[in-house]
Amino acid sequence: MSDENRTPADQPETGDQTVDAGHGAAGAPDDLAAAFAAEKEQLEAEIAALKDKFLRAFAEADNVRRRAEREVADAKIYGITGFARDILTVADDFERALGAIDAEARAKADGTLKTLLEGIDLTGRALLHALSKHGVARIEADGAKFDPNMHQAMFEVPNTEVPSGTVVQVIQPGYKLGERVLRPALVGVSKGGPKAASTDAPPAGN
């Protein structure tokens, strides 16, 4: 059969068809790589989300642990607050009992009275020592600058010899339990003296 009589179906495949087949074969790996890249990106996002959730949960658990430790520590220190306040009333009674007898009468006491006074004094000291072992400390107010957090002013005393706002008389001693005020000191505060120097003032020359 001559070339002129051949039908289109009998014509040999051209080079263009070979090129198209080559493009199809090359496209498959590209699609696969794109799919792997998308899956990798998705997995990395999921890992990041899980890591974030883990870190948040860990931080929350650590906060709960720290809070529980603080609560346990506070309970150990401040769990006796009510009991300590009641015991302070007993300590006040011992102090008033000794204060009712002047120094001269105590010095002259002998026999049973002397033994009684010594017993009251020793019992009062032992009581305060027991309180101190559990964190109860007396507020040293006499001569200190008035502090509304530590002291409760009952009256003012005219006094020009000390700065105004100085505690010049203690009616009832105050106590702290740890860092908390268990009972403020009842005090008399001076007035009429020079203004107390501010502790916040910067040093001279600055």
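The values are calculated or read from the model by the stated rules, or taken from the named source; none is laboratory data. Worth saying up front: this structure is predicted, and the values here are computed from it rather than measured. Note that we place each Cβ from the backbone using ideal geometry, even for glycine, and neighbour counts take in every protein chain shown. Ligands, DNA and RNA are stripped out before the accessible areas are found, and what is left, the full protein with its side chains, is counted by its heavy atoms. Shrake-Rupley method; radii C 1.70, N 1.55, O 1.52, S 1.80 Å.
Would you tell me the accessible area of Phe83, worked out with a 1.4 angstrom probe on the heavy atoms of the protein chains, in Å² to the nearest 10?
Accessible area of Phe83: about 140 Å².
Which percent of the accessible heavy-atom area of region 51-206 goes to carbon and sulfur, probe 1.4 angstrom?
Carbon and sulfur together cover 56 percent of it.
Would you please give the residues with an amide H less than 5 Å from that of Glu156, counting only those at least 5 places away or on a separate chain, with H modeled from the backbone geometry?
Under 5 Å from the amide H of Glu156 lie the amide H atoms of Val189, each far enough along the sequence or on another chain.
Order 89-95, 184-190 from most to least packed using the mean count of other Cβ atoms within 10 Å.
The most tightly packed comes first, giving 184-190, 89-95.
Give me the log10 of I(q) over I(0) for region 93-134 at q = 0.28 Å⁻¹, as the Debye formula computes it from C-alpha points; what are the numbers?
So the normalised log intensities work out to -0.96.
Using heavy-atom solvent-accessible surface (probe 1.4 Å) with all chains present, what is the largest-first order of Thr160, Thr81?
Largest accessible area first, the residues go Thr160, Thr81.
Enter the per residue convex hull volume of region 58-196, computed from alpha-carbon coordinates, in Å³ rounded to the nearest integer.
Here the figure is 132 Å³ per residue.
Just to verify a number: what accessible area does Glu39 come out at with the full protein assembly present, 1.4 Å probe, Å² rounded to tens?
Accessible surface of Glu39 is approximately 100 Å².
Take each of the peptides 131-142, 167-178, 101-112, average the number of other beta-carbon atoms within 10 Å over its residues, and list them starting from the highest.
167-178, 131-142, 101-112
If you average 1/r across every pair of different Cα atoms in region 104-184 and take the reciprocal, what Kirkwood value do you get, in Å?
Taking the inverse mean of 1/r over all distinct Cα pairs, region 104-184 comes out at 15.2 Å.
Starting from the Cα of Arg125, step 7 Å along the direction of its Cβ; do the same at Ala35; then give the gap between the two resulting points in nm.
According to this spin-label approximation, the distance is 9.3 nm.
Would you mind getting me the FRET efficiency between Ala97 and Ala68? Use the beta-carbon distance for r and R0 = 41 Å, nearest 0.05.
Efficiency, rounded to the nearest 0.05: 0.40.
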